[in-house]
1. Rounding to the nearest 20 debye, state how big the charge dipole of the protein assembly as shown is about its Cα centre with +1 on each Lys and Arg Cβ and -1 on each Asp and Glu Cβ.
2. Within 10 Å of each Cβ in A:254-263, how many Cβ atoms from other chains are there, averaged over the peptide?
3. So if R0 is 45 Å, what FRET efficiency would A:Tyr356 and B:Asp190 give, r being the distance between their Cβ atoms, rounded to the nearest 0.05?
4. Counting other C-beta atoms within 10 Å, which of A:Ser212, A:Ser365 has the fewest, and how do the rest follow?
5. Where does the protein assembly as shown land on Rg(C-alpha)/(2.2 N^0.38 Å)?
6. Among B:Ser359, B:Ser178, B:Ser198, determine the one that fluctuates most according to a GNM of chain B built with springs between C-alpha atoms less than 10 Å apart.
7. Between A:Arg61 and B:Lys296, what FRET efficiency follows from the Cβ-Cβ distance if R0 is 35 Å, with the result rounded to 0.05?
8. Amide H to amide H under 5 Å from B:Ile345: which residues, 5+ apart in sequence or cross-chain, H placed 1.01 Å off N in plane?
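Where a number appears in this text, it was derived from the coordinates with a stated rule and is not lab data. In this text, all values refer to a predicted model and were calculated from it rather than measured experimentally. Note: ideal-geometry Cβ built from the backbone for every residue, glycine included; neighbour counts use all protein chains shown.
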2 protein chains.
Amino acid sequence: MADYMKEFHPTPRLLMGPGPSNVHPRVLQAMASPVVGHLDPQFVQVMIDVREMLRPVFGTRDGLTLALSGTGHAGMEASFCNLLEHGEKVLIAVNGFFGQRMTDIAARVGGEVHLVESTWGKPLDVNAIEVELKRLGRVKVVAMIHAETSTGVLNPVPEVARLAHEHGALLILDTVTSLGGMKVAMDEWDVDIAYSASQKCLGSPPGLSPISLEPRALEAMKARKTRVQSYYLDLVTLADYWSKTPRYHHTAPVSMFYAFRESLRMLHEEGLEVRFKRHTRNAAALWAGIEAMGLKLMVEPKWRLPQLTTVLIPEGVDDVKVRSTLLNEYNLEISGGFGPLAGKIWRVGLMGEGCYPSSVFYFLSSLEQVLTRMGYELPIGEGVAAAARALADYASSAR
Amino acid sequence: MADYMKEFHPTPRLLMGPGPSNVHPRVLQAMASPVVGHLDPQFVQVMIDVREMLRPVFGTRDGLTLALSGTGHAGMEASFCNLLEHGEKVLIAVNGFFGQRMTDIAARVGGEVHLVESTWGKPLDVNAIEVELKRLGRVKVVAMIHAETSTGVLNPVPEVARLAHEHGALLILDTVTSLGGMKVAMDEWDVDIAYSASQKCLGSPPGLSPISLEPRALEAMKARKTRVQSYYLDLVTLADYWSKTPRYHHTAPVSMFYAFRESLRMLHEEGLEVRFKRHTRNAAALWAGIEAMGLKLMVEPKWRLPQLTTVLIPEGVDDVKVRSTLLNEYNLEISGGFGPLAGKIWRVGLMGEGCYPSSVFYFLSSLEQVLTRMGYELPIGEGVAAAARALADYASSAR
């Protein structure tokens, strides 16, 4: 019998990489519900529910909010190909792999791409963005990453949004790693279009890319001189599908929407603020533990993402061996670095359903064991002790 | 409590529209398996298994076969945007809605689009295609639909493939409604690129678009002068992800792949030929039943698709009322016509897990009841009796 004819039962992993994160059994089970048609009133209601539940997460009161039938990269591509026309100027603020990916996608769309680069691991340089905007004159779009998944850095959104609008540009914001794990406030910050992915802090499997547009972005799309290069990602026609009398556009991935509805419902049961605090609290415990082990964090506290921590790999430690040992022997997934950070950092996620104290303790203890086995000396037990103290501090301050 | 905060338990439907079709509990349950990372060796093995199981279904021995993280439309878009460059000529053979959709997508990609149109409900006119190819001179791509989902018509592939290659063009074949339900033979017919969708005869939920490329198509992609306009659908970079040492491209929808692997496994357990015959046999019963009720089929027998039957709506019968009554009171989904066929036909699917005698009988009896309630006269009981006779004929001829 060919291997592919055998039953498949994946060994469960604790997913502490940059996503996908672990998915709650309620969300997994929702996918096992019977599939109905993509135009069935029952499914249309699911789409409406998803929209209603997404809006407060994006911090928009009445944006055009929907979920694309693709993963986060589809959201990135949709944002650029709907807003940009051939030859139009776009300024992309880059301080990591996903900012770079934006420049690739904007160039494929045919935009005239300009960059403002900052060091990977540091936040974006708002002054440099202002200087470049003044130099460039008319720019159609400014784009940036809110939470840079490749470095664990939080970027300043309101400042860049203000600059973009002062120069007549629209702002595209990537919230792939931030949405559901920290505050995203499209209305308050004046963001024109933001997209994300289902599998990080939102707690669904990968497969959907939530996206939200404010009126200014919609007007720009309707004023286009040329058609959007992609049918699949054309947001104006997709909006006709996402209406009370839906017009066929494509066959939506029904089961993914079942999962997504359930994960959003769990988010609202918990409450946005409570979830954000859960991320902050467990990250503080993780950071305390890592530092107590004598390891160093890459990002300074002010710009550090709670949901994705970057740890500097100590001199002489074999990155790949540590990660593969954690995966194969501890069923614990963490991730390495991209590009200039390959071999230099580990990326440790605490997202959504994976963001609990048990994850923090298991990671600290497992890493300690693996490093010790590899001959690296560190103060045994200090990591988990420091994490416990950090949690106790939170607990006592919450009395 | 807001409605969206309530539990959601969809009322199961018998899905006899043009897809999605019903999904077997084994496949639904596979989606409830724990999510692992998109680069986890366990998941890489799932991708390899999917490739191995897809190849015989596409009729290719060693094509570059994979599944895109999108629905069928993503496959259509990927085919055009990877093969066509700006200003290159493409000839599209159109005899229905999805052929038309191809012209929309090819135009967005920037191709110089030429059409050969045939009547909706009739097969493509091979002679007209030959005449147009001679007139046009150098054409980069010829494209056609194998099984036109909007009309229930089978189109002749080998003849068009031969013509395309005689004129130096590549052939794009849409197998969205055919793959897994009838013979698709890329090697034998000499098809350069074919794509499909997971939710029709393959028996998965919607969300993946299997696609396969032969060497000629790959060479054409590698010889491009310009980059593919889409990052998300760039097949050459996707091929690096679909390798034994996968390079990160995007986060694949892991749970959808679990489902797809299980549905392909079920297909191979049953056997391709056995599954094709099941479709033919149950369709014959459906056709006999419909005609015994005094209704007419739109497509002549030679070009009729077993997996999707088009029924002419009798004069004076309210299309929408019949379909909404079937859906709401009988939990039975069938579909109406598109464009010039709106209000004129019903589309009745017998695909994958929905293609069983129970579906045939339930549909015939339910339609009979609804038409009778609406005052339309027809010979009661004749439909199911004729279907039973057709099945008995098959059973006795199989002795």
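1. 40 debye
2. 4
3. Computed FRET efficiency for A:Tyr356 and B:Asp190 comes out at 0.20.
4. The most exposed by this proxy come first: A:Ser365, A:Ser212.
5. Output field value: 0.97.
6. B:Ser359
7. Efficiency, from the Cβ-Cβ distance: 0.10.
8. B:Ile313, B:Gly337
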